[in-house]
Amino acid sequence: MAPQRRIVVVDSDGVQVIMGPEPQPASDEVQLALVRGGVCGSDLHAAAGRHPFVSLPYHPGHELVATITALGDGVGDWQVGDRVVVEPPLSCVALRVVEPGFPAEDCKPCRTGRPNLCERLRFFGCAYEQGGFAERSTIPANRLHHVPDDLTDDQAALIEPLSTPVHAAELAGPLLGRTVAIIGAGTIGLLQLVAARHAGATRIVVSDPLPAKRAIAERLGADAVVDGRADDMVAQVRGLLGESADVVFDCVAVESTVRQAIGLAGKGGTVVVVGVPTGDVVVPLHLVQDQQIRIQGSATYVPTDYDTAIEILRSGAVPTEVFVTGHRPLAQAADAFALAAGGDHVKVLLTP
């Protein structure tokens with residue numbers, strides 16, 4: 001097998017390019033060539049040793065746009081040259097492909113249409129021996145989605161990250177005609193704004209400590225923005241909404257933002273935790289009980305969320321130039337991680 005470059009993250013200062021054998025597709029797998037790979041906030045947390053489910057070292061790259069370069073047996077209608085995006089959660093149906101002797105029966109979440117909650121879940125590009133930040137990678141063919149011809153490579157790189165807010169909006173319940181607060185205007189928070197508007201929310205207020213991120217939220221159509229560090233942040237957002245928020249999306253998920261979210265939701269509201277917490281938080285449970293507040297976790301996505309994300313991107317609701325703010329070649333992966341962690345970029349993409 002020919003040697004190839006792949007990325008391994010050893011620690012926050014150790015994003016390394018290493019050489020290894022080019023993987024070949026087994027039955028029901030395809031081989032992929034990197035086209036675009038997004039550096040995710042989860043990648044940065046993992047590199048810093050703060051991700052609760054990813055240990056170091058690891059092979060990153062789950063926001064992957066690729067072309068198929070080789071086919072294993074039994075991959076259906078896929079063809080060499082197809083442009084695809086990866087759905088990285090490896091649930092029962094995918095794990096049967098890569099793990100000999102895997103149980104024949106799906107786990108309960110997979111049987112009930114929730115493969116993102118698979119009891120045996122592994123995750124391509126996170127807790128897995130392969131990631132998309134490599135010249136070539138292999139993955140079960142059932143983890144792929146076609147990229148429509150009318151989407152550019154940079155647009156396609158936003159399908160996976162947009163699917164997370166789409167899923168969160170679905171879990172929140174019907175948003176048509178409802179008021180929404182979004183805490184955090186990083187990549188996911190900004191895409192949450194787009195997803196909530198697509199789902200019919202009528203008034204949306206976004207908070208973030210950084211003026212530049214608040215300005216982007218305004219450009220994307222937020223009805224108002226607030227400094228997330230303001231002592232009276234909750235009062236400001238409630239005033240701008242004219243009432244408590246029907247739904248609050250916490251895209252940061254630290255103790256201070258959870259408390260803000262509960263304060264914003266008020267009586268009968270819903271808090272959706274979208275950000276990945278780095279540890280335990282203390283929740284004012286007496287308010288959750290007394291004010292009948294629903295706290296809803298949101299974990300990645302299901303296949304139909306990819307369909308909705310593609311629909312939103314094709315509609316033009318996500319201006320690519322706002323989100324894709326940097327490109328670096330695979331050989332400069334360490335620089336890409338540094339740029340993404342610096343706070344001045346929304347989404348940094350790796351290229352071949």
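The values are calculated or read from the model by the stated rules, or taken from the named source; none is laboratory data. Note that the coordinates shown come from a computational prediction; the quantities given were computed from them, not determined experimentally. FYI the Cβ positions are ideal-geometry reconstructions off the backbone, even for glycines, and counts take in every protein chain you see. Each accessible area value is taken on the protein alone, full model and side chains, heavy atoms only, with ligands, DNA and RNA left out. Shrake-Rupley method; radii C 1.70, N 1.55, O 1.52, S 1.80 Å.
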Take residues that are in contact (Cβ under 8 Å) with a residue 40 or more places away in the chain and tell me which of the helices (runs of 4 or more DSSP H) falling wholly in the stretch 228-292 contain 1 or more. 233-241, 255-265
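Wholly within the stretch 1-82, which strands (runs of 3 or more DSSP E) include no fewer than the required count, namely at least 3 residues that are under 27 Å from G186 (Cα atoms) and not hydrophobic (A, V, I, L, M, F, W, C)?
Details: elements: 3-9, 15-21, 29-38, 63-71.
So the answer is 29-38.
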Go over the candidates V65, V54, V80 one by one and state the one that is in contact with a strand residue (DSSP E or B) (Cβ under 6 Å, 6 or more places away or on another chain) and surrounded by 20 or more Cβ atoms within 10 Å (Cβ to Cβ). V65
G221 is checked against (1) surrounded by fewer than 16 Cβ atoms within 10 Å (Cβ to Cβ); (2) within 27 Å of A46 (Cα to Cα); (3) free of Cβ contacts under 8 Å to residues at least 40 places away in the same chain; (4) within 24 Å of the chain's Cα centre (by Cα) and fails just one. What number does that condition carry? (2)
For the stretch 298-328, give me each residue that is of a type outside the set (A, V, I, L, M, F, W, C), open to solvent by less than 50 Å² (accessible area, probe 1.4 Å) and outside any helix (DSSP H, G or I). S298, T300, Y301, P319, G326
Among the residues in the stretch 144-160, are any open to solvent by less than 10 Å² (accessible area, probe 1.4 Å), touching a His at 6+ places or on another chain (Cβ under 8 Å) and either farther than 23 Å from V324 by Cα or in a helix (DSSP H, G or I) (or both)? yes
Find the residue count for the stretch 260-278, including only residues that are touching a helix residue (DSSP H, G or I) at 6+ places or on another chain (Cβ under 9 Å) and open to solvent by 20 Å² or more (accessible area, probe 1.4 Å). 7
A201 fails exactly one of (1) open to solvent by 30 Å² or more (accessible area, probe 1.4 Å); (2) without any contact (Cβ under 8 Å) to a residue 60 or more places away in the chain, namely (1)
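So that you can scan it fast, the table gives a plain yes or no per residue for (1) touching a Cys at 6+ places or on another chain (Cβ under 6 Å); (2) closer than 13 Å to L350 by Cβ; (3) surrounded by 22 or more Cβ atoms within 10 Å (Cβ to Cβ):
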residue: A2; (1), (2), (3): no, no, no
residue: G14; (1), (2), (3): no, no, no
residue: E22; (1), (2), (3): no, no, no
residue: S27; (1), (2), (3): no, no, no
residue: L32; (1), (2), (3): no, no, yes
residue: C40; (1), (2), (3): no, yes, yes
residue: L44; (1), (2), (3): no, no, no
residue: A48; (1), (2), (3): no, no, no
Within the stretch 204-218, count every residue that is touching a residue at least 60 places away in the same chain (Cβ under 8 Å) and open to solvent by 50 Å² or more (accessible area, probe 1.4 Å). 2
